[in-house]
Structures are given as structure tokens and as C-alpha cells.
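The values are calculated or read from the model by the stated rules, or taken from the named source; none is laboratory data. In this text the structure is predicted, and so the values were computed from the model without any measurement. Glycine also receives a Cβ, built like all others from the backbone with ideal geometry; neighbour counts cover every protein chain displayed. Only protein heavy atoms, including side chains, enter the accessible area calculation; ligands, DNA and RNA are left aside. Shrake-Rupley method; radii C 1.70, N 1.55, O 1.52, S 1.80 Å.
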Amino acid sequence: MEKDVSATRPAGLRFPFPQPPGPGEVVAIRDDILWARIPLPYQLDHVNIYFIRDGDGWAVVDTGIQTDDAMAAWEALLRGPLCGERITRVIVTHFHPDHIGLAGWLCARFGAPLLTSLSTYMSCKVVSLARDEGAVTQYFDFYRSHGMSAEVAGIVAIQGNDYLRHVARLPHSYLRLLMSDSLEIGSRSFRVLTCDGHAPEQILLYCEAENLLFAADQVLERITPNISVAAEERDCDPLGHFLRSLRFLRAQLPEDVLILSSHHRPFLGLHQRCKELESHHEERCDRIRRACAIRPHSVAELLPLLFERKLDPHQMSFAFTETLAHVNLLLRRGEIETRPDGNRLVNVPAGSGLAKSGIGP
């Protein structure tokens, strides 16, 4: 899925591999660990994938999206630096198309097993089901109730159909990865970690012996991953889950661990970056609190306060659901309340007179 590209400065972070690999190229991160890039058809135009030597072949971490350009990039890798090599295992960190899109294709091509979490496997299966008309109407009405325009609500309501075009059919079986599992890949041992917020049960792999972390989308050098509320879980708190996952990583891993993330460059400075991401979201919560203290706001009215640049309808759908994630966090904390106002919902400070002052029937 396309990311929120609101930047935060990576000052103080260190980048031991400043030059990313070009098309069809790899960069050696360690002996027998390679970094490559697969193109994406979005403003965020690439996803990083990693290869780990696994006996007489390579295990791959994430795959890229199912597009002609992405498949051409894979063919260039398989004709070039990986010529004659085989893929032994396909490890998928989470169910978003840029990570799982070509997993089924690679598993079928190489007869390789799929390794991922239960949440990832089942989420992909469920989202890939074509939604019936009643479900689309339900999702459309939900987003409209929070002030979303009909145009953007229509895009969000049918995203499952778009997902089908970007994700190859998964194999009928997989190997489940669980929190605190030990995963042996070649000569290396990895501790499986799971983080939530950006995606349920997102898989991270930590090699303590070499002090490196395959961090997926959890911690990125200069963007924050999209944190969205899905219509199926309209009252959930993904931002709360994300912030707790950041605190978990700071408590469990050293500051100087090498972060191999899914976008932009590998870097050092985990604790600093986690704190920056926490501060970024808390500052956005402050904007919502201040706005709602002045007057009631729907989620659609709060969105421009968090995303100031002009957005196309596709970007707007992610910005909207991320704004809703901030609202749900504040609701969970008991700092604001949601009340009906005609045919829409608005947010006001908890316990304030605004909650009953001419709002609603």
C-alpha cells in the first residue's frame, strides 16, 4: 500500500550504505546478505527486498508488487546477479501488495515455501475476495458518515478489487511465523518479532549475532508508515498498537542495530528514530485536540490539519483513514468524544459542553 510521505528529518542517523542498488543490481550488506529494489507505481516508487544465503540458494524477504515493471525487475535480477541461483524460501513481512504481491509467483516458479504470519496469510486471502455490493455500500456509508467525499469513499470501498490486480494467487499452504520463534536461515539464526499498527502481526527478523534487523515498514528513515483504520475494524486503535510496538523495539533492541527497512536506505539509530516517530504522531494528536477545543470537527475536516499538501483521490483515501486512526487513539484515551451532527459524526473534547450544544437531533 502507498505510504504517507510526510517527512521527518533523519538528522543524527547514520547510513552505512548511502547509495541504493540500481535496476537489476544488488548491494552486499553482509557476506551472503544482498539488498535489491523493486519499482512501485506510486509516489513512493520502490520497495526494498533482501536476499539471505540459505544453503545452495537464497531466502528472499518480501517480493514487490505484481506489475509488469516489478516482474521485469525480478527477471533482471535473475538474469544478472542471481543468475543460476534458486529461491529457497519466500518470507513475507505483511499483506500489503508491495510486500506480498509476487510471493505466489515466486513460490510457484521455484517450488519454494511461503513463510509469514497467520494475520498476513489470512488478510491477503480475505482482502482478495471480491466484495459484494452490500459490503461495498456498507464501507461507503461508513466513510461518508465521517465526512469523506463521495468520490474518495467510492475509491476506498472498492480497494479489495484493486488488490486482486496487484497480488498473485498465494500457495494453498504456508509455514506460520510467530513472535519469538527462532528461524534458521543458512548459517544465521533470527528471532522473529511481530509489530502492529501499520499491518497486523508484521514480521521483523532480528539477528543478534550480527546486530541487524529486517524491519519491514515499522521503522523507516524519513517517512512514517501509513497507519489506517479499516472499515472492518472501524473502532480499532492501530496508532496505539504502532506506538506500543515502537516502545517495544526500543526496550528490546540496541540503539546501534542496523535497520534494514522496506523503503529508502538502511540506517543506524533505532531509538532516536522510534522517538521521532512517536513525537510525530503525538504532535498530530495535539493538532486534533486544539481544533476540537475550538469547534466540533468531522474526520474529513481534521484531515487538512494533518496533511497540508494537495492530495489526489488515491492519496486522500490513505490520509483519511490515517486521520481516523489519530481520532480513534484520542477516543481510546478518553480525550475526545464522537457525537452525531445531522448525517455525519463530529469530534469534541471529552466531557465538554460542545458534546450537547446544538449537535445532533
Pairs under 7 Å by beta carbon, first residue among the basic types (Lys, Arg) in segment 19-48, partner in a loop (DSSP other than H, G, I, E, B), six or more apart or different chains?
ARG30/GLU210; ARG37/PRO20; ARG37/PRO21
From the list LEU305, LEU260, LEU253, which one is open to solvent by less than 10 Å² (accessible area, probe 1.4 Å) and out of contact with any Pro (no Cβ under 7 Å at 6 or more places or on another chain)?
LEU253
Taking segment 146-182 and keeping only residues that are of a type in the set (Ser, Thr, Tyr) and at pLDDT below 90, one is left with SER149, TYR163
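Regarding ARG86, is this residue open to solvent by 30 Å² or more (accessible area, probe 1.4 Å), in contact (Cβ under 8 Å) with a residue 24 or more places away in the chain and either closer than 18 Å to SER262 by Cβ or more than 23 Å from the chain's Cα centre (by Cα) (or both)?
Spelling it out, ARG86 is indeed open to solvent by 30 Å² or more (accessible area, probe 1.4 Å), in contact (Cβ under 8 Å) with a residue 24 or more places away in the chain and either closer than 18 Å to SER262 by Cβ or more than 23 Å from the chain's Cα centre (by Cα) (or both).
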Options PRO266, PRO313, PRO254, PRO296: the member that is touching a Phe, Trp or Tyr at 6+ places or on another chain (Cβ under 7 Å) and either in contact (Cβ under 8 Å) with a residue 40 or more places away in the chain or aromatic (Phe, Trp, Tyr) (or both)
PRO266
Of everything in segment 216-236, what is among the acidic types (Asp, Glu) and part of a loop (DSSP other than H, G, I, E, B)? Give them in sequence order.
ASP217, GLU221, ASP235
What residue, of GLY154, GLY147, GLY84, GLY134, is out of contact with any Ser or Thr (no Cβ under 6 Å at 6 or more places or on another chain) and closer than 19 Å to MET316 by Cα?
GLY154
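Residues LEU239, LEU213: which one is part of a helix (DSSP H, G or I), open to solvent by less than 10 Å² (accessible area, probe 1.4 Å) and within 22 Å of THR194 (Cβ to Cβ)?
Of LEU239, LEU213, the one residue that is part of a helix (DSSP H, G or I), open to solvent by less than 10 Å² (accessible area, probe 1.4 Å) and within 22 Å of THR194 (Cβ to Cβ) is LEU239.
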Single residue of segment 95-139 satisfying the filter (among the small types (Gly, Ala, Ser), without any contact (Cβ under 8 Å) to a residue 12 or more places away in the chain and closer than 17 Å to ALA230 by Cα) that is surrounded by the most Cβ atoms within 10 Å (Cβ to Cβ):
ALA135
In segment 315-342, what count of residues is obtained for those that are surrounded by fewer than 16 Cβ atoms within 10 Å (Cβ to Cβ) and assigned to a helix (DSSP H, G or I)?
2
Which strands (runs of 3 or more DSSP E) sit wholly inside segment 7-76 and have at least 3 residues that are within 24 Å of VAL219 (Cα to Cα) and open to solvent by less than 60 Å² (accessible area, probe 1.4 Å)?
33-39, 46-54, 57-61
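Quick check on segment 184-200: of everything there that is assigned to a loop (DSSP other than H, G, I, E, B) and open to solvent by 30 Å² or more (accessible area, probe 1.4 Å), which residue is nearest to PHE242 (Cα to Cα)? Working first, answer last.
Taking segment 184-200 and keeping what is assigned to a loop (DSSP other than H, G, I, E, B), we get 186-187, 196-200.
If we keep only those that are open to solvent by 30 Å² or more (accessible area, probe 1.4 Å) too, we end up with 186-187, 196, 200.
Numbers: GLY186: 31, SER187: 32, ASP196: 5, PRO200: 10 Å.
Ranking the candidates gives ASP196 first.
Got at least one residue in segment 161-183 being of a type in the set (A, V, I, L, M, F, W, C), open to solvent by 50 Å² or more (accessible area, probe 1.4 Å), free of Cβ contacts under 8 Å to residues at least 40 places away in the same chain and assigned to a helix (DSSP H, G or I)?
Going residue by residue through segment 161-183, those that are of a type in the set (A, V, I, L, M, F, W, C) are 164, 167-168, 170, 175, 177-179, 183.
Within this subset, residues satisfying the condition of being open to solvent by 50 Å² or more (accessible area, probe 1.4 Å) are 164, 175, 178-179.
Narrowing the set further to residues that are free of Cβ contacts under 8 Å to residues at least 40 places away in the same chain leaves 164, 179.
Still in the list and also assigned to a helix (DSSP H, G or I): 164.
Yes, the conditions are met somewhere in segment 161-183.
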Which is part of a helix (DSSP H, G or I) and either at pLDDT below 95 or open to solvent by less than 60 Å² (accessible area, probe 1.4 Å) (or both), of LEU345, LEU354?
LEU354
GLN272 vs (1) exposed (fewer than 13 other Cβ atoms within 10 Å of the Cβ); (2) in a helix (DSSP H, G or I): all pass except (1)
